[in-house]
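The values are calculated or read from the model by the stated rules, or taken from the named source; none is laboratory data. Keep in mind it's a predicted model, so treat the numbers as computed, not measured. Here the Cβ positions follow ideal geometry from the backbone for every residue, glycine too, while neighbour counts run over all protein chains shown.
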Amino acid sequence: MKPTVALIAHDIHDNGGMERACAELVRHTHDEFDFTIVSAELTPELRSLVHRWIRVRVPTRPAPLRFAMFWLLAGRKLRSLDVDIAHSVGAIVPNRVDVAAVHFCHAGFVRAQGYLAPRSAPLIRRMNTAVARLLALAAERWCYAPGRLRAFAAVSDGVREELAAHYPGVKVRVIPNGVDLDRFRPDASARAELRSAVGLTDEPVAIFVGGDWDRKGLAIGIQALAEVRGQGIALQLWIVGRGDHDRFVALANKWGVASAVAFFGERYDVEHFLAAADMLILPSLYETFSLVGFEAAATGLPIVVTRVHGIGDLVRDEGGGVLVERTTASVANALATVARDPNLRRCLGQQALLGSQKYSWTASTGSVANLYRSLLLDEKHDPR
């Protein structure tokens, strides 16, 4: 009989880092573990692979209401389950759990940022973000106490250090995310097709992928683009993901680069956009792993990135890009250097590609399975 696992997450699908990690965990380990999913969304293709999906119906926004309702409703549903392992993705239920996968440490983020919400955002957005952050911090303090949690699964060494500093007393296992190396790879035909569709030939393209545009530094990227184009370099910027579209369009207009900036929205074929670009730009304030950074590396793109957890380590160790300060001047200098030199782009991209190859979903989900096994063995000596 297979061990039973309750996997509790807001959403499980193939977009986003933590959502993708859950989806891959089910795909790779459902033969060994019997999963009951407690979530708001579960991508349809996975529903036949799990024992049961307990849907938690919550609104998509505002974020504070969504978080609070999921906390209450999912916690109630979890209390009724009799499972061998309870695995939550972050501090999202009030119950005692065995494993908390930490893809984002809010205490670490607030320490790095120095404030609860971006000051450049509109007032309503700042208030919404601040309330959501306060709720997340309170939830971490409740959930990450030694008596309520048996083990952390941290997505990077940097997150492990943050957890040890803010929530000591719980053992931490570092389990990096993986990369789908079949999906994310250099693809000359996809590159040619997409660039032709948008009317580009040889112009260099920097791509920005993701949400939370303030944290990830999109404003810095747009202003840096203006400086680069002011030097006579015909660099283009593609933005893939969902964010405050109107505000950032206004920034592109303000800095005179609207014609060189393309907003593509949220895409399910992001691998084609990465294959068609020439470098990834990520002047982020805080990351824990940055799955898209590793996916870009697997596609052979140089990475222009700040010294953040995860992807910053890959660039530092493997030479697959340029580490920058979170300033317009530093980012612009790196973009200009990489954009001017196709040979440098190829060299850095090849280094990034080689560095990404050791990250696979098989290894990542296998590490989670090993953690489950160790906790099941320890259960004999640590009964609930």
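Selection of the range 183-212 for residues being out of contact with any Gly (no Cβ under 8 Å at 6 or more places or on another chain), under 28 Å from Val99 (Cβ atoms) and at pLDDT below 95 yields only Arg183. Screening the range 185-215 for residues that are crowded, with 22+ Cβ neighbours inside 10 Å and either of a type in the set (S, T, N, Q) or closer than 13 Å to Glu295 by Cβ (or both) and picking the one that is nearest to the chain's Cα centre (by Cα) gives Gly210.
Within the range 258-286, if we keep just the residues that are under 17 Å from Leu218 (Cα atoms) and free of Cβ contacts under 8 Å to residues at least 60 places away in the same chain, the residue that is farthest from the chain's Cα centre (by Cα) turns out to be Ser259. Of everything in the range 17-51 that is within 19 Å of Phe70 (Cα to Cα) and either assigned by TED's automatic domain parsing to the domain that holds Thr288 or in contact (Cβ under 8 Å) with a residue 60 or more places away in the chain (or both), the residue that is surrounded by the fewest Cβ atoms within 10 Å (Cβ to Cβ) is Met18. For the range 216-234, indicate whether the set of residues that are hydrophobic (A, V, I, L, M, F, W, C), part of a strand (DSSP E or B) and crowded, with 18+ Cβ neighbours inside 10 Å is non-empty. Scanning the range 216-234, I find no residue that is hydrophobic (A, V, I, L, M, F, W, C), part of a strand (DSSP E or B) and crowded, with 18+ Cβ neighbours inside 10 Å, so the answer is no. Of the residues making up the range 176-210, those that are of a type in the set (Val, Ile, Thr) and either under 15 Å from Ile311 (Cβ atoms) or not assigned by TED's automatic domain parsing to the domain that holds Val240 (or both) are Val179, Ile207, Val209.
Of the strands (runs of 3 or more DSSP E) lying entirely inside the range 264-343, those carrying at least 3 residues that are crowded, with 24+ Cβ neighbours inside 10 Å and in contact with a Gly (Cβ under 7 Å, 6 or more places away or on another chain) are 279-282, 303-305.
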